[in-house]
Amino acid sequence: MRTKLAAGNWKMNGLTEALSELAGMADAAAGASEVLICPPFTLVGAAAAAASGIAIGGQDCHAAASGAHTGDVSAAMLKDAGASHVILGHSERRTDHNERNSDVNAKCVAAWDAGLTVVLCVGESLEQREAANTLEIIGGQLAASVPDGATGHNLVIAYEPIWAIGTGKVPSTDQIGEVHDFMRARLEKRFGSGVGRSVRLLYGGSVKPSNATEIFAVSNVDGALVGGASLKAADFVPIIEALNAASQDG
Ligand code: PEP
């Protein structure tokens, strides 16, 4: 039985006043699903202090524990600030910062060493989907980005087709289901059925209150990683509620 997870990625959005949104999410966050918000680094400590029933995460961390890396943040620093999770390998990091699977893998090891749960993102570009390479790309990212030692506690995978992020375009439920079933099979093959079945698989990419219920009904979708619609309680609460309802449905 996997506890469903509604995760919000605030990206580079949010000043101190944005923390008031967390209070608006608290009631929904008391339901059957877990709720995670990943604000920018500057708000992690304050969000962890303010959040009630909501886990707080970072959006990236460095692969090293400490050292001469100006502008970077270590996994231990996130943990020290009150984070329990970190997003790694988001397509915006892979594109903007040239992060390769090997970088994501090293960061994941560092995050696990610090005791953080990793929300590790994979996803294909539009060109890759149109060339019918989606499963090959996802399989390759999973194999190379996820280190040995994964468990249902330290790892969550987010399938985020790059072409669906922030675009309003969403894959069909059949397309989401195909990738999620594939990822489940790959995890079971590599880590054994116990671990493979316990890792939660999130869908991410233009999730909104209007499409959440149908996405959460897809097999092997254990929740969502939500960007734009996680910034305001008015948008995120209906998504959490849809996930709470899906939890009740089993
Ligand atoms: C994301 O960037 O993780 C994301 C899913 O964004 P959006 O929901 O805005 O498409």
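Computed from the coordinates by the stated procedures, all read-outs in this text should not be read as laboratory data. Since this is a predicted model, take the numbers as computed values, not measurements. In this analysis, Cβ positions are derived from the backbone assuming ideal geometry, glycine residues included, and neighbour counts consider all displayed protein chains.
Couple of notes before you dig in:
- Farthest towards the positive end of the charge dipole of the chain, among the residues Trp112, Ser219, Ile157, is the Cα of Trp112, using unit charges on the Cβ of Lys, Arg, Asp and Glu.
- Cα centre as origin, Lys/Arg/Asp/Glu Cβ charges: the chain dipole, Debye: 340 debye
- Efficiency of FRET between Leu15 and Asp113 - r from beta-carbon atoms, R0 30 angstrom, step 0.05: 0.45
- When each of His85, His153 is scored by the number of other beta-carbon atoms lying within 10 Å, the sequence from fewest to most is His153, His85.
- For Lys189, the lysines whose Cα falls under 30 Å of its own Cα, not counting residues fewer than eight places away in the same chain, are Lys4, Lys107.
- Pairs spanning more than 26 Å between alpha-carbon atoms, out of Lys11/Lys208; Lys169/Lys232; Lys79/Lys208; Lys11/Lys79: Lys79/Lys208.
- Here the label points at Ala234 and His153, each 7 Å from Cα along the C-beta direction, are separated by 4.1 nm in the simple model.
- Neighbour net charge for Ser219 - beta-carbon separation under 9 angstrom, K R +1, D E -1: 0
- Total formal charge among the other residues, if their Cβ is under 13 angstrom from that of Pro171, Lys/Arg +1 and Asp/Glu -1: -4
- Phi to ³J(HN,Hα) by Karplus 6.51 cos²θ - 1.76 cosθ + 1.60 over segment 222-236, Hz, x for Gly, Pro: 9, x, 9, 9, 10, x, x, 7, 9, 6, 10, 4, 4, 8, 6
- Residues Met77, Met1, Met25, Met12, arranged from fewest to most other Cβ atoms within 10 angstrom of their Cβ, appear as Met1, Met12, Met77, Met25.
- Annotation for segment 198-239 versus segment 80-159: alpha-carbon center distance of 18 Å.
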